[in-house]
Amino acid sequence: MENVIEVMNHKMEKAVSALEENLKTLRTGVANASLLDHVHFDYYGSPTPINQVASIKVVEGRQLMIKPYDKSSLKDIERAISTSDVGLVPQNDGDVIRLNVPSLTEERRKELAKHAGKYGEEAKIAIRNVRREGMEAIKKDKELTEDDKKEMEKDIQKVTDKFVKTVDAAVSAKEAEIMKV
């Protein structure tokens, strides 16, 4: 039955890593190449992330410079950024695309902090679902005694609490980063 806790640990780690990936996509007013991680464009018939076909550099702290390895994909990358939910306006100069990351307004900061909280809540829901699966697996096991079941339930709750604290810490750190002027 220790296997149940190992499987739960693995699934909960996946939920936390998914949360961290989602939090990376939130703008904080500082240029960061991970802002474009979820932006894909059609490259020879298949959706491709921009970071696989171009170098992305942070210039002067508030600007991203995207230099595609294949110049023919410049227009497609520009179009993908324009239509994405990143909220940045690409400037194409024929060789590179520049993205100016503006400072965030107080209203936009609060909105992004809410998004961070929403991502955190989704991660907690995923963790709670894993906990529920583990509890059900323990209840169905006929070989365990009542005392063993109670002990396993306590262990599952400890693991769940640990991951919920991790989620809370990640979300509050991101909210602090967003709200910092």
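The values are calculated or read from the model by the stated rules, or taken from the named source; none is laboratory data. This one's a predicted model, so the numbers in the text were calculated from it and none came from an experiment. A quick note on method: Cβ atoms are made from the backbone with ideal geometry, for glycine too, and the neighbour counts reach across all protein chains shown.
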Just give me the residues in the stretch 84-114 being in contact with a strand residue (DSSP E or B) (Cβ under 9 Å, 6 or more places away or on another chain), modelled with pLDDT under 85 and aliphatic (A, V, I, L, M), in sequence order.
86, 88, 101
Hey, residue 154 within 21 Å of the chain's Cα centre (by Cα), at negative phi and of a type in the set (D, E, K, R) or not
no
Looking at 143, 153, 122, 136, which is the one that is among the acidic types (Asp, Glu), surrounded by fewer than 13 Cβ atoms within 10 Å (Cβ to Cβ), in the same structural domain as residue 8 (by TED's automatic domain parsing) and assigned to a helix (DSSP H, G or I)?
136
Does any residue in the stretch 132-159 that is of a type in the set (Gly, Ala, Ser) come within less than 7 Å, Cβ to Cβ, of a residue that is in a helix (DSSP H, G or I) and modelled with pLDDT of 85 or more six or more places away or on a different chain, and which pairs are these?
134/8; 134/156
